[in-house]
Amino acid sequence: MFTIVDFYGKQSNYSCGYCKQPTSCQSHGMWAHTMTCQDYQDLIDRGWRRSGCYCYKPEMNTTCCPSYTIKCDAMNFRLNKSHKKIIKRVNKFLKDGIKGKDEDTAKGSDGGSHGTADDGGCGGDLEMGDVARNPRKELDLNEVRVLKAKEDEGSEPPQDVVDGLCLAKDPTVGSSSNLSTRSSTGGGSGQPPKKAKLLRIERKREKLIQKGLNAEEIEQKMKEAKGKNVEKSLEDFLDEEPKDGEQAAHRLKLVTVCTKASEFKRTLEASFAVYKKYQAQVHNDPPKMIDEYLDFLVKSPLQFTTGSNSPNCGFGSFHQQYWLDDRLIAVAVIDVLPSCVSSVYFFYDPEYRFLSLGTYASLRELAFTRKLHQHTPSIANYYMGFYIHSCPKMRYKSNLYPSYLLCPEVYSWHPLDARVRQKLDQSKYCRLNEDPKAVDANAIQPEDIEEVLILHGSSYRRYSLYMKMVGLKHPDENTRTYAKLVGKVCSARMLLYEG
């Protein structure tokens, strides 16, 4: 499988969705007709992001709001007090239907992804202003000979992927998909709900029994566990939601479905309705047409793949749907990539604003990342899009600890700590890597230009042969810029479309 892109070059002086200046944004863009998940992983590790099939890279040293790629180390993630309160609020609402106080709001806005001004969550960014996001020419991929290779085994998306958070068989993960959808009156045995602490003790005891320990050994283990006073994990807090058989006012079900699966179409109308309501009431945007929604959040260039090295859900683009009883109340758009779960966008029914669903969903996605890591150890990070220090409403993304920012010159990762914040306070654009000798290990060299892959017509060749074919004596500036921005590895692996 190959990536095919159409490089647009520099997009200059368009409006900024963050500072709202009309002609202050600078970036480079390309249209991805199709893209492997590995190529996209490598691109976002060089500061690229996607909006639908359009991929863009801010020109950091000239644009008005420098956008630093940010990721959270999911395996070492630490909950803060606000996170715990939000999870408890959701769990309380599920158990008894009580809304609670709307305390943790107004933490920031990132233009519609996790973290509207109402919930302070974390996630991707798609504030593209007036940049054009349409292909200059539609390609018939069936006519491209290089794409006729046999697809990887298991390339057909499952009808309804339920993985990670949604695995009912693993009681250690904070999932609710194992709960059957019930009416708002709840269900179960009619017994009063047990305290969370008692439930944890019971689950611990059940696990020890399953390991074959006798009564005396079990009691010894329980005493030891009690004495350690272990800090509760993210999964422990999420797991305190009502379980099957317990009395509850509501049931929350998470379903992860690939956007390329036929089953996805069944819920398309419901998700579009939530999106329209969200855009109108939260962002005061005019009514959207479904084609805009499809281009923006459904269509993806990422090729769905499965195999021995992929998680159970596969690699690709997914919608994580939040079903409250029989009602869809929120959707998280994510990409599952070889090294991370990347947040693309998040939208919700404003009627449930009081649940701080943006933050809650980001915590769910962190838990999802940790679950995928158990099967695919390379998946260890949660990418939240861009961190824009010069835009105060975007700084909330640092609330997930530990987080790291990508150096825009060397493409190395650096802890988002007080030292980095101080540098960004002094200058909105700065080189984060303080080693003056450090260089981009994936930088393109003059001789590497000849290795760029060019798609011409329905066949491809190296740029050195392409220049001879069309009579070029020297590499053109557009190809040089493209190779520099995507890096040596991707430029020699992806296909640059030249018509």
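The values are calculated or read from the model by the stated rules, or taken from the named source; none is laboratory data. Predicted model only: the values in this text are computed from it and were never measured. Counting neighbours? That spans all protein chains shown, and the Cβs are built from the backbone with ideal geometry, glycine included. Note: areas computed on protein heavy atoms with side chains; ligands, DNA, RNA excluded. Shrake-Rupley method; radii C 1.70, N 1.55, O 1.52, S 1.80 Å.
Observations on the structure shown:
- Looking across the range 361-390, the residues that are open to solvent by 10 Å² or more (accessible area, probe 1.4 Å) and either closer than 14 Å to LEU337 by Cα or not in a loop (DSSP other than H, G, I, E, B) (or both) come down to ARG370, LYS371, HIS373, GLN374, HIS375, PRO377, SER378, ALA380, ASN381.
- Taken as a whole, the range 404-421 holds no residue that is crowded, with 16+ Cβ neighbours inside 10 Å, farther than 30 Å from ARG480 by Cβ, out of contact with any strand residue (DSSP E or B) (no Cβ under 6 Å at 6 or more places or on another chain) and in contact (Cβ under 8 Å) with a residue 40 or more places away in the chain.
- Positions within the range 274-315 being without any contact (Cβ under 8 Å) to a residue 24 or more places away in the chain, open to solvent by 20 Å² or more (accessible area, probe 1.4 Å), of a type outside the set (D, E, K, R) and part of a helix (DSSP H, G or I), in sequence order: ALA280, ILE290, LEU294
- Residue check, GLY190 at pLDDT 80 or above, exposed (fewer than 13 other Cβ atoms within 10 Å of the Cβ) and either touching a strand residue (DSSP E or B) at 6+ places or on another chain (Cβ under 6 Å) or part of a loop (DSSP other than H, G, I, E, B) (or both): no
- Residues that are over 25 Å from ARG493 (Cα atoms) and either surrounded by 24 or more Cβ atoms within 10 Å (Cβ to Cβ) or small (Gly, Ala, Ser) (or both), drawn from the range 19-67: SER24, CYS25, SER67
- Taking the listed residues PHE2, PHE77, the one that is within 30 Å of THR306 (Cβ to Cβ) and either of a type in the set (Asp, Glu) or open to solvent by 30 Å² or more (accessible area, probe 1.4 Å) (or both) is PHE2, with no other qualifying.
- Number of residues in the range 479-499 that are farther than 16 Å from HIS456 by Cβ and either touching a residue at least 60 places away in the same chain (Cβ under 8 Å) or out of contact with any Phe, Trp or Tyr (no Cβ under 9 Å at 6 or more places or on another chain) (or both): the value is 11.
- The condition of being in a strand (DSSP E or B) and either buried (at least 17 other Cβ atoms within 10 Å of the Cβ) or touching a helix residue (DSSP H, G or I) at 6+ places or on another chain (Cβ under 9 Å) (or both) holds for VAL257.
- Residue in the range 458-497 that is most open to solvent (accessible area, probe 1.4 Å), counting only those that are under 17 Å from LEU139 (Cβ atoms) and in contact with an Asp or Glu (Cβ under 9 Å, 6 or more places away or on another chain): SER458
- Scope the range 20-36; condition touching a Phe, Trp or Tyr at 6+ places or on another chain (Cβ under 8 Å) and within 14 Å of CYS65 (Cβ to Cβ); matching residues: THR23, CYS25, SER27
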